[in-house]
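*Asks:* Got a structure here, written out as structure tokens. Questions coming.
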Amino acid sequence: MIHPEIIVRVTDIAVVAESIKQFTFERVDGGSMPVFAPGAHIVVSMDDQGKLRRNPYSLMSSPSDSTSYQISVLRVVESRGGSAFMHEHVDVGDTMTISHPIDLFPLHATAKRHVLIAGGIGITPFLPMMEVLNESGQVFELHYSMRSRRRGAFLSELERRYGSRVSAEVDDEGGRLDTRKLLIDQPLGTHIYVCAPLPMIDLVFGVARELGWAEENLHREVFLAPPAGTPFYTNLAKSGTTVYVAEHQSLLESIEAAGIDVPYLCRGGACGQCETTVIDFDGQLMHHDIFLTDDENVSGTKIMPCVSRFVGASLTVEL
Amino acid sequence: MAIKSRPVYAGFNVDITAQQHVLALEGQGADALLEKLAGGHPMLERAEILYVATGSDHDAALRALGAANYWLAPTAEALRDRLSEILAHATMCTRLYVAGTEGFIGSIVQLAADFGIANASIIKEFRGSQQRRVQCVHCKGFNDNVTISPFQCVHCDLHLFVRDHFSVRLNAFQGVCINAETPDIIPPSVEMYR
Ligand code: FES
């Protein structure tokens, strides 16, 4: 098995903001949780009426707490099921399967200063980050954009803990992050970390690049939700089998449901780990990832099964 | 022969997005800039040029570029001191360039690292002598501008063979005693790095 798993029990569920629930997991065998670096995420497996779902969530608990993990889940209105399942079907006492921590969004040790930019539920990886930065006496500031205070999970606690190092930009109070102003005067050695919806990441990175920031100092975390779409079949050449991808299922999930392991890290179209060779297709590849280049997309030789889909007569991949 | 551990330098390409350009030039490294900006360039309005001549003569040509700031440093040491002052007050919208010999480039890369500038974000061009900076593995002393091998360590007088491995951390090649078993025999030196 390429992705070792941990069986956990849900020991607490709390509503931490409008449409946001926080889940606490402890190991069923009573053991301690693997150590994780701030910014890491886990993948939670869900058995939704016989359909396998696997969603990534950033760990938000304290890295020094080895007894439990915590994640927070925003109920997405257009959810294809993952967040709705977590909100409606998971109860305290349930048993679930999670992955080991996956570290795609690390803090950079050489930074002189860390600027953290959160959009909505993107706040979660920054909770352990701030704890570690604070304890080690490093310089940081958090800019937290949210639709309304009711949706701003953990804001008051963060303000209490970190004081003026936290600033909130609240949409319905007319607040807006002035990215240019924020980035133009940052001293050398500053790194920015953005965890937010893609348009906000693009905006921040766009302004930073315009101002001449070095690529080495820009970091982002984004999990694109696999979009729903017309069901389709996919032939797996090496495995000699065919899988059916339902409307609300990703290609990756349907391959996994057939018992075939595919390497993954982010499950959100960003890391490149699940890249799969397309052998033949008659139709159109629907690329939804942000990993493949435009040229690669046009060439039609690769697909990222965690988020991308297919429309047409037949698709054969190398798996 | 290419040395794998030896850094490769992409060459001077102006990053037009930068709000401030800081250029550290040593000797013939000045040509990297002069050739690139032959017809003038808008970046010069936001450029700070530091130059140490070390035997070359580009002072007049560099001065004529009309950069926002230009300083002819008396020594590489003085240039680095001034550069430190500039970087201490610089923002992330600054781009650092360095051109000159390998030893000089390495010293600027090390200095920049103290300010949190990643090696990869520095624009570099190698110019001038292939001479090497060599650390004696026996006394740990550094020898600058080595052009022959073997050579005599200026610190401990051992005769050192220059190995083809460059340490980024030390910003130096390694020199190893060539006649430890036969101290009476001193092999002839050959000019290797002009
Ligand atoms: S798992 Fe990261 S791109 Fe698919």
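*Asks:* Test B:Leu79 against the criterion of being outside any loop (DSSP other than H, G, I, E, B) and either open to solvent by less than 30 Å² (accessible area, probe 1.4 Å) or on the phi > 0 side of the Ramachandran plot (or both), and give yes or no.
*Replies:* In short, yes.
*Asks:* Right, here's the next one. Read through the list (1) within 14 Å of the ligand (Cβ to nearest atom); (2) in contact with a Lys or Arg (Cβ under 8 Å, 6 or more places away or on another chain); (3) within 30 Å of A:His219 (Cβ to Cβ), then give the number of the only condition that A:Leu319 fails.
*Replies:* (3)
*Asks:* In this structure, does A:Asp171 turn out to be within 24 Å of the chain's Cα centre (by Cα) and not assigned by TED's automatic domain parsing to the domain that holds A:Ser72? Step through it out loud before you land on a result.
*Replies:* Details: within 24 Å of the chain's Cα centre (by Cα): yes; not assigned by TED's automatic domain parsing to the domain that holds A:Ser72: yes.
Yes; evaluated as a whole, the condition is true for this residue.
*Asks:* Among B:Leu34, B:Leu44, B:Leu23, which is the only one that is within 23 Å of B:Ser129 (Cβ to Cβ) and either within 14 Å of chain A (Cβ to nearest Cβ) or in a helix (DSSP H, G or I) (or both)? Working first, answer last.
*Replies:* Numbers: B:Leu44 fails: within 23 Å of B:Ser129 (Cβ to Cβ); B:Leu23 fails: either within 14 Å of chain A (Cβ to nearest Cβ) or in a helix (DSSP H, G or I) (or both).
Within the list B:Leu34, B:Leu44, B:Leu23, the selection yields B:Leu34.
Results for (1) touching a residue at least 40 places away in the same chain (Cβ under 8 Å); (2) open to solvent by less than 70 Å² (accessible area, probe 1.4 Å); (3) of a type in the set (A, V, I, L, M); (4) away from chain A (no Cβ under 14 Å), shown as yes or no for each residue.
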| position | (1), (2), (3), (4) |
| --- | --- |
| B:Ala118 | no, yes, yes, no |
| B:Gly128 | yes, yes, no, yes |
| B:Gly141 | no, yes, no, yes |
| B:Ile148 | yes, yes, yes, yes |
| B:His159 | no, yes, no, yes |
| B:Arg163 | no, no, no, yes |
| B:Val176 | no, yes, yes, yes |
| B:Pro183 | no, no, no, yes |
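*Asks:* Within region A:282-315, track down each residue that is away from the ligand (no atom under 16 Å from the Cβ) and surrounded by 16 or more Cβ atoms within 10 Å (Cβ to Cβ).
*Replies:* Once the filter is applied, which keeps residues that are away from the ligand (no atom under 16 Å from the Cβ) and surrounded by 16 or more Cβ atoms within 10 Å (Cβ to Cβ), region A:282-315 yields only A:Leu315.
*Asks:* For region A:74-181, which strands (runs of 3 or more DSSP E) that fit wholly inside it have 2 or more residues that are more than 29 Å from B:Ala120 (Cβ to Cβ)? Before you say what the answer is, go through the steps one by one.
*Replies:* Numbers: elements: A:95-99, A:113-119, A:140-146, A:166-170.
Result: A:95-99, A:140-146, A:166-170.
*Asks:* Is it the case that A:Gln273 is in contact (Cβ under 8 Å) with a residue 24 or more places away in the chain, among the polar types (S, T, N, Q), out of contact with any helix residue (DSSP H, G or I) (no Cβ under 6 Å at 6 or more places or on another chain) and in the same structural domain as A:Ala313 (by TED's automatic domain parsing)? Walk me through how you get there before you give the answer.
*Replies:* On the way: in contact (Cβ under 8 Å) with a residue 24 or more places away in the chain: no; among the polar types (S, T, N, Q): yes; out of contact with any helix residue (DSSP H, G or I) (no Cβ under 6 Å at 6 or more places or on another chain): yes; in the same structural domain as A:Ala313 (by TED's automatic domain parsing): yes.
Considered against the rule, which asks whether it is in contact (Cβ under 8 Å) with a residue 24 or more places away in the chain, among the polar types (S, T, N, Q), out of contact with any helix residue (DSSP H, G or I) (no Cβ under 6 Å at 6 or more places or on another chain) and in the same structural domain as A:Ala313 (by TED's automatic domain parsing), A:Gln273 comes out as no.
*Asks:* Could you give every pair whose Cβ atoms fall below 8 Å, whose first residue belongs to region A:118-146 and is over 14 Å from A:Tyr193 (Cα atoms), and whose second residue is assigned to a helix (DSSP H, G or I) and open to solvent by less than 20 Å² (accessible area, probe 1.4 Å), counting only separations of at least 6 or pairs across chains?
*Replies:* A:Asn134/A:Tyr162; A:Met146/A:Leu155
*Asks:* Something else now. Is there any pair linking a residue in region A:304-316 that is touching a residue at least 24 places away in the same chain (Cβ under 8 Å) and more than 18 Å from A:Arg267 (Cβ to Cβ) to one that is more than 9 Å from the ligand (Cβ to nearest atom) and in a loop (DSSP other than H, G, I, E, B), with Cβ under 8 Å and at least six apart or on different chains, and which?
*Replies:* A:Val311/A:Gly229; A:Val311/A:Thr230; A:Thr316/A:Ala237
*Asks:* Taking strands (runs of 3 or more DSSP E) that do not extend beyond region B:124-194, which have at least 1 residues that are among the small types (Gly, Ala, Ser)? Step through it out loud before you land on a result.
*Replies:* Values: elements: B:132-136, B:142-146, B:159-167, B:172-177.
So the answer is B:159-167, B:172-177.
*Asks:* Among all residue pairs at least 6 apart or on different chains, which show Cβ distances below 7 Å where the first residue, located in region A:196-223, is within 11 Å of another protein chain (Cβ to nearest Cβ) and the second is in a loop (DSSP other than H, G, I, E, B) and of a type in the set (Val, Ile, Thr)?
*Replies:* A:Arg209/B:Thr17; A:Glu210/B:Thr17; A:Leu211/B:Thr17; A:Gly212/B:Thr17
*Asks:* Looking only at region A:267-281, count how many residues are more than 9 Å from the ligand (Cβ to nearest atom) and within 17 Å of A:Leu198 (Cβ to Cβ).
*Replies:* Matching residues across region A:267-281 total 0.
*Asks:* Would you call A:Ile184 within 14 Å of another protein chain (Cβ to nearest Cβ), aliphatic (A, V, I, L, M) and free of Cβ contacts under 8 Å to residues at least 40 places away in the same chain? Before you say what the answer is, go through the steps one by one.
*Replies:* On the way: within 14 Å of another protein chain (Cβ to nearest Cβ): yes; aliphatic (A, V, I, L, M): yes; free of Cβ contacts under 8 Å to residues at least 40 places away in the same chain: yes.
Here the answer is yes, as A:Ile184 does meet what is asked.
*Asks:* Which of (1) under 15 Å from B:Arg95 (Cβ atoms); (2) within 13 Å of the chain's Cα centre (by Cα); (3) open to solvent by 70 Å² or more (accessible area, probe 1.4 Å) does B:Thr54 not meet, given it meets every other one?
*Replies:* (1)
*Asks:* Could you check A:Trp213 against (1) more than 15 Å from the ligand (Cβ to nearest atom); (2) not in a loop (DSSP other than H, G, I, E, B) and say which number it fails?
*Replies:* Among (1) more than 15 Å from the ligand (Cβ to nearest atom); (2) not in a loop (DSSP other than H, G, I, E, B), A:Trp213 violates only (2).
For (1) under 30 Å from A:Phe105 (Cα atoms); (2) surrounded by fewer than 21 Cβ atoms within 10 Å (Cβ to Cβ), each residue gets a yes or a no:
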site: A:Glu216; (1), (2): yes, yes
site: A:Ala225; (1), (2): yes, yes
site: A:Phe232; (1), (2): no, no
site: A:Thr241; (1), (2): no, yes
site: A:Tyr244; (1), (2): no, yes
site: A:His248; (1), (2): yes, yes
site: A:Gly268; (1), (2): yes, no
site: A:Asp280; (1), (2): no, yes
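*Asks:* Go through (1) more than 14 Å from every other protein chain (Cβ to nearest Cβ); (2) without any contact (Cβ under 8 Å) to a residue 40 or more places away in the chain; (3) surrounded by fewer than 18 Cβ atoms within 10 Å (Cβ to Cβ) for B:Ile16 and report which single condition fails.
*Replies:* (1)
*Asks:* A further question on this structure: Step by step: first the residues of region A:253-266, then only those that are within 18 Å of A:Leu224 (Cα to Cα) and out of contact with any helix residue (DSSP H, G or I) (no Cβ under 7 Å at 6 or more places or on another chain), then the one that is farthest from the ligand (Cβ to nearest atom). Which residue is that?
*Replies:* Taking the candidates together, the pick is A:Ser254.
*Asks:* Quickly run through region A:225-252 and pick out the residues that are touching a His at 6+ places or on another chain (Cβ under 7 Å) and more than 16 Å from the ligand (Cβ to nearest atom).
*Replies:* Within region A:225-252, just A:Ala228 meets the criteria.
*Asks:* Restricting to region A:250-266, give me the number of residues that are closer than 10 Å to A:Cys306 by Cβ, out of contact with any strand residue (DSSP E or B) (no Cβ under 7 Å at 6 or more places or on another chain) and either hydroxyl-bearing (Ser, Thr, Tyr) or open to solvent by 10 Å² or more (accessible area, probe 1.4 Å) (or both).
*Replies:* 2
The values are calculated or read from the model by the stated rules, or taken from the named source; none is laboratory data. Since this is a predicted model, take the numbers as computed values, not measurements. When we count neighbours, we look across all protein chains shown, and the Cβ atoms used for this are built from the backbone with ideal geometry, even at glycine. Surface accessibility is based on the protein's heavy atoms, side chains included, excluding ligands, DNA and RNA. Shrake-Rupley method; radii C 1.70, N 1.55, O 1.52, S 1.80 Å.
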